[in-house]
Structure formats: structure tokens, C-alpha cells
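All remarks here apply to the structure that follows.
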Amino acid sequence: MKKIFTKIGAFILIAIFISACNSIKRVPEGQFLLTKNKVFQDNKLITDEIVLDQLSQKPNTKIIGVPFFLNLYNLANPNPDSTFQSKFKNNPKKYKRMSRWLSAKQVDQLGKSFWYSGIHNFLKKIGEAPVIFEKTKAEKSLTRLKYYYFNKGYFDVKATYTFDSISTKKGTAKYTINRGKPYIIDSLKATIYTPILDSLYTTTKNMSFISIGKQYKTEDFENEKNRITTHFRNNGAYFFQPNNITFDIDTINKKNKANINLKVSNYSYQEQDSTRTVPFQLFKISDVKIFTDYSAADPNAKITDSITYNNFNLYSKSKLKYKPYAITDAIFITKGGLFSDAKTTLTSRYLSNLKIFNYPSILYEVDKKDTTNQSLIAKIYLTPRKKYSFGLSFDITHSNIQNIGITFSPTISIRNVFNGAETLEFSGRANMGSSKDFANPNNIFFNASEYGLDLKLHFPRIVVPFNTERIIPKSMIPSTLLTTGFSTQKNIGLDKENFTGSISYNWTPKKNNTARFDLLNAQFVRNLNPKNYFNVYSSSYKVLNTLAKNPSYNVNQNYFDAKNNLIIESGTNGFIQDAIGTNAIIPTSSLDYATIKSIEERRIRLTENDFILATSFSFTKTNKKDLSDKNFFLFKTKIESAGSVLSLFANVTNLDKTSNNRYKIFNLEYSEYIKTEFDFIKLWDLSREKVIAIRSFFGIAIPFGNSNDIPFSKSYYSGGSNDNRAWQPYSLGPGSTGGINDFNEANMKIALSSEFRFKLLGSLKGAIFADAGNIWNVLDNTKDTKATFSRIKDLENIALGSGFGLRYDLGLFVFRLDLGFKTYNPAYETGNRWLKDYNFARSVLNFGINYPF
């Protein structure tokens, strides 16, 4: 099947390449196809995308140097109706013969069929018409180029263009830019007519975007205007607007120098039929009124309850349902304080974060009681959300274990539970998925499932028995989240139950920064079906089964079934105990002994129940503006410590240790480790919907104290649609072992990925990618040198995958297909690792939702 699709794809590509030879077939006589734009800046060819974007005409889109969409357009018949007419209407005999087979009406309708008309309209729709060079658009490009360079300070810029025909009906547009010398700011003065604003300006003028000796740039003047406006309005200048700022730029009798005069006018307003101009005043807040149950449908409803708390006045149409501090703690507009846009915005954010109100409305009015006319009354209108709400979500998901999953999640939210703006949320989830389960003998499609219940209690403040205002002020919008949950899952065959509970604190230290501190995060994992281990981990079973059939070992025949294979579980356990148990009776070789012992140690580790009590801190920093932003970075880091508190308790209480020198809590050997992760993502928007994206990840979990290995749930794996896409999930590593186990994992991971994304057609995007990385065991009980990282030289075992993919943007999510090829495979011997598996037969097709990073 793969060969058939390959041949079909090759045929289509050959057809398109052949048609490329006739790319001018739709270019009219006397006109030229624009094949390329060249921009020379001071006699130097430039490729700056920002400059090239100033050009009004751009050549047809090319993929690997081929005008793919132009060729599709050229394949279409420009006038399919005339083709049909000449074939039938102008050939009466043929029309008559066709009418005998079909009716005359059906023959006429053939002209509108897909074959005669639809296919050509489709090709023209998805293709690109030839870009014909136009002088008017070239002149427009010159104007835009001059404007662009003028805004960069090149006031004497000169721009010309020429059009060179390179062959019949083809040509290249050449734009020549002579910038001249840029203008430099020679002097800067400020003329501010309101003295109090002049004083405000002086305090921050060292932060100005405009400075003497700096090259003139229009964007600096816009930034300075916004900076000054923000500064004034955050310090009481309620009526100040950006249009009160102007700049006089004097270049008369100056050679490449400019004198700047920054002017700030007085306040002008309309009074009856005349305009008055007065100095600006700084306004203070004389009163803060909070309407806690405002309704736009009944804005004049009578107030029946009110209270004054910490200089805030709270009003309600019915009995006040909130503890005053729950609302006032979220308000940064204070009586006696100066008017401030920043405080208004922060108040809106915090009130929204309470999750009990719709987005608030904050209005100001001049206090008529103040004879100086310098006071404002702040009115905050809050519309409560319903106390009870029911939510229901239905999602289609994809992960590195589940190829596809269907999730159903009902949620019940109860707001203002204790009258302190708390939110209690009950949620359930049911997931059915299709997974490449090695223990799926009946080949059932939906062979993975998970059901769970969660309870979350959200407090819009830090809940601790001491004051944290100095450490985490309320301007950081802190919150506390208490969670507990239970889930049962059936996925990779062992089946698990998870009991979780946590106390976490969240805050935003500054804009675009978030922090989270998990004071306690408890997890208990119970394996429900450990007897199924060798059905799931079939690779381990095959190795064990082969060793048991060694005739020299004379293994008990009761361990085998009718097909002479070890019986799971009685036969596998019996053979293991006879080979490496306390009373071993099978004289295995040292190599076989080590292999069997390794298999058994892994089995015990992956089937034992886990108890984890951890504390962690996470920090995220980004400059991403919104979901459509394609030029940003994201940095995440986390450090987690587990088991230390339990070990301290065990030492203080002198708990007894087990035979393997470990403490037990609740009859369980708890995990003890320290784990840290660093994740960095960077995107560059190259314009024209071209984006370069990179990601780097490093994570390590080191066991100590009560553990000599890491729980499976806290370990790392490599491969999959969001990792190294040339390998299946869990199939890469550790190190150079070649993924010999069914689910390969380790306690250290390095991952590096890069991707070039580009537009193909409408919402269809393409990508070329390269993924590098691997996992290793380090500082744990693993003895296999191929799997461990012990020196820098082990970095040569980093695997490299490369490939290409398609993305289709559906708005709510992006549907993704990636085809990865093993480019450098550390599983092979050194010197034989490059391009060994670089073919379609050993490629990996990944299906994913949204971008991989």
C-alpha cells in the first residue's frame, strides 16, 4: 500500500514539475510575469522581510523553487464552457449520439459537471493567478519604501525602480534605495504649559525613548507619547490624552541633524458655545462606591443594604452576600489616592479573577462637593454570576499513549461558598481511547479508559496562618487551590487507581510571569492488575522465555504450557525464583543471571504501588501577547522534592526499616527524590506566515534516601508526536540500548527541536522539522552502561529525527500530521548511525492536535 501511494505522489509531482515549464501560459501578450523582486539598499542586495513587505507586488508563491500554486492555476481551463460547446454544441452529430444515450437535458448539464467545469474552478480557486508586473503598483512600492526609510530617519532617501525582462514574458523588478545619511537628534527640549505636569515629566525624563545623539525614528516618538501619557494618567491626570502631546521637529539649516521640541498643551474643553483652556489638574479619589449586585436590566433598583469597610462603601439591592474583605481586597482604587489607570486595570483583573462576578465596570465622575474641582468618585459596578453553574465538555484528544481519545467532563461550580468569594468545583471525567496496547489480544479499538472525580476549592487569596502581604502583595493576584481526586484507568494493561491531593499557591510576580508553589502534593498509585505484567511488557517476556528454553538449565516443565512457552504468571515467577531467588537451583551464567535480575527488578518497580509526597515550585515567563502571536518566547522551570518530610518524620520517630533498608509509611515504601526541569520555546515570525520555532528541554530526577530509582509516573520517555517524531512513544533510548523494552523510560532527558512553518493554501500549513534528544539513567540503580549517562561523551547518543508535516487550522484547534525519519540512530554501532533507517518503510507517521511546541 505504501508503494502505491508513493508512486501516486511521485506521478503528481512529476506532472506539476512538467507543467512548471509552461508557467507563462496565462500571461497575456505584451505583459510580463513578475518572477522576482530585488531590493538594493546602498548598492547592497537585502533580504529583510520587513523591507520586502513594503512592496505592493510579490511574485507567485514558490515551494522548493517551484511556483506550485501558479502551476495548479495554469492546469485549469480558463473557459471550460467554450470547451464543452466546441465538443458537443458545435458538433451536432456527436451531440445527437450523446443525446440518444443520455437525454438532451442531461447532455446540457454535462457542461456544469465537475469534469468539464468544477475541476477547473477548483484548480483556479486553490491556485494562484500569474502576478503580472504593473507600473502603478511599482510606483506605489516606491512610495511605501520612501515612507519606510523616512520613518527610520532617512529624510533624503531616493528610490528608483527598473524592470528587466529575463525571458519571454518573464521579468524581475529591481528597486534601488539610496538612503543618504540618517538624521540625528541634536537637541531636545520640553515645553509643558502645566507646571505640575512639567514636574512629573522631569522625574522620569531619563527613561525617554528620545535622546540626544540617537538616530531619528518615528516609532520612538510614538513610544514616548504613550510613555508620557501613561505616566501622567497613572499620577492623577484624569483628563490627559495622547493628543495633548505634539513634537516640533526643526531641520532648517541643519545637516542631518534635528532639533526636537516636545510640547504638552493645557487642558481644553467645551463650555456651552466656547472653548476654555486651563492647566491640567491631578485628581484624587474622594469616595469609592461598590455596587455588589448591579444589573444592567434594572440599573435604578433601590439600595436596601450598605456597609462601610476600610473607607470603601458597599451597596446591595438585597442583603449583602459577601464578606466585605472578599471584595475590598481586590480593589486597588483607594480613597485619598491619586487617580491611576494602572490601578483601574489591576482592580478589573483582580475582580475578574474572583470568578464570582462578570467583567466589572469602573466609572469615574467629578465630585461636585469638592469646590476645588480636583476629586473623583469611583463607582464599581459588579454583576454576580450565578451561584450554581453546570458545565459540560466533550473533547477529542491525542497523546503519546492514546492515538485518539474521547473525553466527557461534567462540572458543577458553586460560587461564594463561604461568602468570601471562594469557588467550589466538582468535576468528573470519562475517557475512552484507542491505544497501541501490547496486551490487546482481541484487537479492540477502544482499549483504554479512565474515569475520575475531582474536587477543587479556590480561594482568591493566600490561605496561611500568617500575613504574606510583604512577600506576595495582593497586586500579584495571589490565590490558593485545594484539590483532591480519584481516578481509575485502564490503559497499558496493568490498570491503575490514582488518589491525589494538593495545596498550591499561585501568583503573578509581574506581567507575563506566573509562579506556583505546591506546599503539598500527595499521590498514591495502586496497580490493579500486576499479574498482567508480562502480557504488557512482551519484550521482557520474550527474553525470559528464550532463556528458560535453554536445555542446559533443565527448567521445571510445569512452568511451560502446551506450546512450550512460560506460563504467565506461575511459570515466569517460578523460573525467576529458581534462577535468582534465595534458594536458586538453576546454575545460570553470569550474563543470564544479570539479565534475569534486571527483568525482575524492573517488574517489581513497575508493578509496586507508589506513594509520593512532594513539594514543588514552578515559574513561567513569556512575552506572548495572545493566541495569534507568532513572535514570542516561553520559559518554564520547575523544581520538585519528594519524600524528605517523610524521611525526617521517620528519623525522628525511629521507624524500623525493611530488609532492603527502606522506611515504610502506611505499609508502603515511599519515594524520595529531587527533580528539576527547564523548558524554553522561541518563535520568530518571518512574515508572510512563515515561522521558525525552536524548543529545548532538560529534565533530571535524582533518587536518594529511601529510593534508588524513580517512580514510573515521574520518569521521562522519548518519542511521539510532541517529542522526537521519528520514533514511536517510549521507543527511543535509554542511551544506545535501542529501545529494547516495551515502555522505555529513564530519569534524565534532553530534547531539542526546531521547525520551519509556512503557508501552503488558506488554512493548510506545512512544516519542515528536526528533533534531537534521548533519555538516560543517571545516579540510580541501573547497571547497563549503554543506558546510563556517565560522561560528556555519552552525548554522542543523542538521536536525530527529521521530516515534514501538514497542519490544518480549524480555529479551535490545529489538526497535525508529521512524517518523521530516523536520521541519526544511536541504537547502531558508531560509524553506522547516519541515515541507516532513512526511508519510508521505517518512517513514523504522527497524528497530533495543535502544534508540538
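The values are calculated or read from the model by the stated rules, or taken from the named source; none is laboratory data. This one's a predicted model, so the numbers in the text were calculated from it and none came from an experiment. Every residue, glycine among them, receives a Cβ derived from its backbone with ideal geometry; neighbour counts consider all protein chains shown.
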Margin query: Of everything in the stretch 33-65, what is assigned to a strand (DSSP E or B), crowded, with 17+ Cβ neighbours inside 10 Å and either on the phi > 0 side of the Ramachandran plot or of a type in the set (A, V, I, L, M, F, W, C) (or both)? Give them in sequence order.
Written below: 33, 34, 39
Note to self: If residue 289 meets every condition in (1) surrounded by 14 or more Cβ atoms within 10 Å (Cβ to Cβ); (2) in contact with a strand residue (DSSP E or B) (Cβ under 6 Å, 6 or more places away or on another chain); (3) over 22 Å from residue 368 (Cβ atoms) apart from one, which number is that one?
What the structure shows: (3)
Note to self: Looking at the stretch 589-604 only, could you name the residues that are without any contact (Cβ under 8 Å) to a residue 24 or more places away in the chain and within 14 Å of residue 537 (Cβ to Cβ)?
What the structure shows: 604
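Does residue 740 satisfy the condition of being touching a helix residue (DSSP H, G or I) at 6+ places or on another chain (Cβ under 8 Å), surrounded by fewer than 19 Cβ atoms within 10 Å (Cβ to Cβ) and among the hydrophobic types (A, V, I, L, M, F, W, C)?
Numbers: touching a helix residue (DSSP H, G or I) at 6+ places or on another chain (Cβ under 8 Å): yes; surrounded by fewer than 19 Cβ atoms within 10 Å (Cβ to Cβ): yes; among the hydrophobic types (A, V, I, L, M, F, W, C): yes.
Against the criterion (touching a helix residue (DSSP H, G or I) at 6+ places or on another chain (Cβ under 8 Å), surrounded by fewer than 19 Cβ atoms within 10 Å (Cβ to Cβ) and among the hydrophobic types (A, V, I, L, M, F, W, C)), residue 740 qualifies.
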Item checked: Close pairs (6 angstrom Cβ cut-off, 6 or more residues apart or separate chains): in the same structural domain as residue 290 (by TED's automatic domain parsing) in the stretch 344-369, part of a strand (DSSP E or B) and of a type in the set (Lys, Arg) anywhere -> 356/415; 363/379
Notebook entry, point to check: If we scan the stretch 782-793, do we find a residue that is aliphatic (A, V, I, L, M), surrounded by 19 or more Cβ atoms within 10 Å (Cβ to Cβ), touching a Pro at 6+ places or on another chain (Cβ under 8 Å) and touching a residue at least 40 places away in the same chain (Cβ under 8 Å)?
Noted result: yes
Notebook entry, point to check: Given 831, 803, 820, 773, which one is free of Cβ contacts under 8 Å to residues at least 24 places away in the same chain and assigned by TED's automatic domain parsing to the domain that holds residue 710?
Noted result: 831
Checklist line | Options 687, 647, 696; residue that is of a type in the set (Ser, Thr, Tyr) and in contact with a Leu (Cβ under 6 Å, 6 or more places away or on another chain) | finding: 696
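Hey, among 296, 378, which residue is buried (at least 18 other Cβ atoms within 10 Å of the Cβ) and among the small types (Gly, Ala, Ser)?
Working: 296 fails: buried (at least 18 other Cβ atoms within 10 Å of the Cβ).
Checking each option against the conditions leaves just 378.
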Margin query: So residue 474 ticks every box in (1) at pLDDT below 95; (2) crowded, with 17+ Cβ neighbours inside 10 Å; (3) closer than 25 Å to residue 671 by Cα but one. Which box is left unticked?
Written below: (3)
Notebook entry, point to check: When you go through 535, 521, 554, 550 one by one, which is the residue that is outside the structural domain of residue 471 (by TED's automatic domain parsing) and surrounded by 14 or more Cβ atoms within 10 Å (Cβ to Cβ)?
Noted result: 535
Checklist line | Residue count for the stretch 350-375, restricted to those that are crowded, with 16+ Cβ neighbours inside 10 Å and of a type in the set (Lys, Arg) | finding: 1
Notebook entry, point to check: What is the residue count in the stretch 489-519 for residues that are under 27 Å from the mean Cα position of the chain (by Cα) and in contact (Cβ under 8 Å) with a residue 60 or more places away in the chain?
Noted result: 9
Item checked: Where residue 161 falls short, out of the listed (1) of a type in the set (Phe, Trp, Tyr); (2) outside any strand (DSSP E or B); (3) farther than 30 Å from residue 248 by Cα -> (2)
Margin query: Any residue in the stretch 281-306 that is within 26 Å of residue 238 (Cβ to Cβ) sitting within a Cβ distance under 6 Å of a residue that is surrounded by fewer than 21 Cβ atoms within 10 Å (Cβ to Cβ) and among the basic types (Lys, Arg)? List the pairs, counting only those 6 or more apart or interchain.
Written below: 285/335; 288/335; 289/379
Note to self: I'm checking my understanding of the structure. Among residues of the stretch 543-588 that are under 16 Å from residue 603 (Cα atoms) and touching a residue at least 40 places away in the same chain (Cβ under 8 Å), which one is farthest from the chain's Cα centre (by Cα)?
What the structure shows: 544
